[in-house]
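Student: Provided herewith is a single structure, encoded as structure tokens, for subsequent inquiry.
Only the coordinates and a few stated rules stand behind these numbers; no lab work does. Source: prediction; values computed, not measured. With ideal geometry, Cβ positions are generated from the backbone for all residues, glycine too; neighbour counts draw on all protein chains shown.
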Amino acid sequence: MTASRSAQAFVVLPDPGRAGTLDELADGLRQLKVWAGSPSYDTIKDRINDAWRATGRPGGELARKATVADCFKAGRRRLNTDLVIAVVRALHPDVGYVTQWRQALRVIGGEAQASAQVRVQDTLPPDLAGFAGRDAELGRLRDALQLGEATVMVAIAGMAGVGKTRLAVHLGHLLIREQPFDHVLFVNLRGFHLDPAQPPADPGAVLDGFLRLLGVPAQEIPFDLAARTAAFRARLAGRRTLVVLDNAASADQLRPLLADTPGCIVLVTSRRSVAELHPAVQLTVDVFSAADAEQFLTRSAPDIPVGPDSGAMARIARRCGYLPLALGLLAGHIRSTPGWTLTDHADRLDERHRDHRLDTGVRLAFDRSYQHLPPHQQRVLRLAALHPGQDLDPYAAAALAATDVATARSALDDLGRHHLVQRAGPGRYTFHDLIGVYAADRARDEDPPRALRAAQTRMADHYLAAAAAAVDTLYPAEAGQRPRVPRPGTPFPEVGEADAARAWLDAERANLVAVAV
């Protein structure tokens, strides 16, 4: 057996992805040199220069033996990326393998594409000790999972801070306790991260991590995304597996990661609907009920004196909008302020509410959703929050945003899919209290005062003109006795028929009063 064959028999092709330091990367290069038959530094230098000359590189920039040899030494503070890649190509010219080295160099040098940096786990995060409520949601999800040996995917959607991840993790722990799985895989897909340096995770990088956790040697992991998906599914065939894909950005990000093999359960959480993936059930998680919110607070911050207001707990839950994130942050504040009663905390929240202030953690959670919106949807969200009523229709939103009705309706529908507005009935939309405060605060930060005044003026003109037209339709004989109202620059619903006029006035009565006030 030749020396080259002997070396290949005892040395595995090194995986650069396992390197975490420059020394470990240099050690990988030394292993690669052995794997390739231990060519001399002169031979490696000649191969590199032959390739460089073929690309037109001038003689003054060709590699020298000493600089090639330095790449293999430990203790280096930096590496010449181009030269290291050239060394790898000279030892093993496979395109995909060279790409692995380039990515490893970027990671270690701090130049990696952030989307390729993703942490996968073969265990679930810890269950929440004080998990409360969600009995109905858990029951529905568990029913969906009773589908025999088929692959089952359930998608949990909802607004920021509503507790999607907690619910999915709690459900996963329940399932594991009932019937252990051969494999458990968890990943945070970073679908909505405030830091632009933390974009949504690349599905290929996620699959690379999953395959490694499943025991696939690095050199056997395909480079093509479709091939990685196929390898992932093949590896799970015949095994009972729980896969939790948390905080997904979109269906496109999820599609390559779905373990389409019998016996697998896939739990997905996202702030967006992923109905196009046809999950067994798509559950939209709402805020807590009043009872669940109080139960959560009692478990999270026990033995706190109530104080003079016996209804302080209910007042706290209401001021938190029954939002699990806000309740959790408040529970932490309660635990860190000994000597305060629940009445003291409720009074503090009342004061913050009067000042239209949100806790920092709640604002940051909403920021992540807001910053992923296109600018025109951000604008509709901000200006719609200026509406003084309990709900609004696309015509009012169009007046506030100075746009056409179709654009306003489309934006509201998209905001609904992001769970930033909620349906309040056919063609009507409303805000969760805390999101309404957040969006109005955004409007004051991002839109100059004159723009906000103009938006509110357009809204008032819209309601005035539509109400005048509706009343003229219902009481035409008195039309001449009322002041003429000019038609506004934005459209309003057709109210030329008595039934339509009456229906519009009935639907908008509360809003007309609020606008007048």
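Student: Roughly how far apart, in whole Å, are the Cα centres of region 49-66 and region 216-282?
Tutor: 45 Å
Student: What is the Cα radius of gyration of the chain over 2.2 N^0.38 Å, N being its residue count?
Tutor: 1.29
Student: Another question, then. Can you tell me the length gained on complete extension of the stretch Asp260 to Asp135, counting 0.36 nm per residue apart and subtracting the Cα distance?
Tutor: Fully extending the segment from Asp260 to Asp135 adds 42.2 nm.
Student: Using Cα pairs closer than 8 Å and at least 6 residues apart in sequence, work out the relative contact order for region 3-112, in percent.
Tutor: Normalised by residue count, the contact order of region 3-112 is 31 percent.
Student: To the nearest 0.05, how large is the calculated FRET efficiency for Ala226 and Ala51 if R₀ is 41 Å and r is the Cβ-Cβ distance?
Tutor: The formula returns an efficiency of 0.85 here.
Student: Can you tell me which lysines have their Cα less than 21 Å from the Cα of Lys45? Leave out same-chain residues fewer than eight positions away.
Tutor: Lys33, Lys65, Lys73
Student: Multiply the residue gap between Ala402 and Ser38 by 0.36 nm, knock off their C-alpha separation, and tell me the result in nm, one decimal place.
Tutor: 123.9 nm
Student: In nm, give the distance between the simple-model label positions of Asp127 and Arg423, each being 7 Å from the Cα along the Cα-to-Cβ direction.
Tutor: Those two pseudo-labels are separated by 3.4 nm.
Student: Roughly what would the spin-label model give for Arg450 and Arg487, points 7 Å off Cα along C-beta, in nm?
Tutor: 2.9 nm
Student: What ³J(HN,Hα) values, in whole Hz, does the Karplus curve 6.51 cos²θ - 1.76 cosθ + 1.60 give for region 306-321 when θ = phi - 60°, with x put for Gly and Pro?
Tutor: Karplus-based 3J(HN,Hα) across region 306-321 equals 6, x, x, 9, 5, x, 4, 4, 5, 5, 4, 4, 5, 5, 7, x Hz.
Student: What per residue convex hull volume, in Å³, comes out for region 292-360 when only alpha-carbon positions are used?
Tutor: Looking at region 292-360, the number lands at 80 Å³ per residue.
Student: For region 3-112, take the alpha-carbon Rg, divide it by the Kirkwood Rh, and send me Rg/Rh. Could you put the intermediate results ahead of the total?
Tutor: Working: Rg = 13.4 Å, Rh = 14.2 Å.
On the Cα set of region 3-112, Rg over Rh gives 0.95.
Student: Report ³J(HN,Hα) in whole Hz for each residue of region 209-224, in order, from the Karplus equation J = 6.51 cos²θ - 1.76 cosθ + 1.60 where θ = phi - 60°; Gly and Pro get x.
Tutor: For region 209-224, the Karplus-derived couplings read x, 4, 5, 5, 4, 7, x, 7, x, 4, 5, 9, 6, x, 8, 7 Hz, x marking Gly and Pro.
Student: Run the simple label-point estimate for Arg233 and Ala74 please: 7 Å along Cα→C-beta, distance reported in nm.
Tutor: 4.5 nm
Student: Could you calculate the contour length gain from Val513 to Arg119, that is, 0.36 nm times the residue separation minus the distance between their Cα atoms, to one decimal place in nm?
Tutor: 136.5 nm
Student: Still on this structure, please answer the following. For the chain, what does -39500 (n - 2.57) per DSSP helix run (n ≥ 4), summed and divided by total residues, give at 222 nm, in deg cm²/dmol to the nearest 500?
Tutor: Value at 222 nm, helices only, nearest 500: -16000 deg cm²/dmol.
Student: Considering the zone a paramagnetic label at Ile176 would reach in this model (a point 7 Å from Cα along the Cα-to-Cβ line), which residues of region 267-298 have amide N under 19 Å from it?
Tutor: Counting backbone N atoms under 19 Å from the label point, the list is 267-269.
Student: Give the separation of the Cα centroids, region 293-316 to region 401-436, in Å.
Tutor: Measuring centre to centre over Cα atoms gives 33 Å.
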